[in-house]
1. From the gyration tensor of the Cα coordinates in region 3-84, what semi-axes in whole Å does the equivalent ellipsoid have, largest first, with each one equal to sqrt(5λ)?
2. In nm, to one decimal, how far is the modelled label at Gln24 from the one at Cys81, with both set 7 Å along Cα→Cβ?
3. In region 53-85, which trypsin sites (Lys or Arg not before Pro) are in a loop and have at most 12 other Cβ atoms within 10 Å, using DSSP for the loop call?
4. Give me the dipole magnitude in Debye, nearest 20, for the chain about the Cα centre, with unit charges on the beta carbon: positive for Lys and Arg, negative for Asp and Glu.
5. Along the charge dipole of the chain, which of Ile14, Gln80, Asn67 sits closest to the positive end, that is, farthest toward it, with unit charges on the beta carbon of Lys, Arg, Asp and Glu (+1, +1, -1, -1)?
6. Could you list the GluC sites (Glu not before Pro) in region 28-89 that lie in coil according to DSSP, counting only those with at most 15 other Cβ atoms within 10 Å of their Cβ?
Amino acid sequence: MNKEQIRQVVMKNIRDVLFDLDLQEIPIDASLKDLGANSMDRADIVAHCLEDLQLEMPLVELRTAGNIDGLVNLLYQKIQCRASRPGTAAKG
């Protein structure tokens with residue numbers, strides 16, 4: 001799975017949780033908080049992304065993301081780590 005595919009998953013989940021946003025207006029460098037997401041919204045968005053990407057990791061590991069692009073990069077890194085482990089198949 002490449003970064004663009006991950007970005008699409010993240011944007012889909014932002015749209016699902018913050019349904020009143022127009023995705024055309026969401027800059028990749030915006031934070032979820034900047035978009036009006038409260039702590040529960042942010043947790044829901046991240047949890048749905050992890051589920052969609054079939055990843056398991058503590059939500060606290062993603063706090064360093066800072067913005068949407070950072071979240072995409074962290075998720076991408078996690079997928080790459082999973083794919084490089086022996087006995088695991090890359091998905092996507």
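1. Values: eigenvalues 78, 33, 26 Å².
The equivalent ellipsoid of region 3-84 has semi-axes of 20, 13, 12 Å.
2. Rounded to a tenth, the inter-label distance reads 3.8 nm.
3. Values: sites: Arg63, Lys78, Arg82; in loops: none.
Here no loop site has a sparse enough neighbourhood.
4. Working: 11 positive and 14 negative charges, 105 e Å.
Computed charge dipole of the chain: roughly 500 debye.
5. So the residue we want is Gln80.
6. Working: sites: Glu51, Glu56, Glu61; in loops: Glu56.
Sites meeting the loop and neighbour criteria: Glu56.
Every number in this text was worked out from the coordinates using simple rules, so none of it is lab data. The model shown is predicted, which means the values in this text are computed figures rather than measured ones. Don't worry about glycine lacking a Cβ; one is built from the backbone with ideal geometry, like all the others, and counts go over all protein chains shown.
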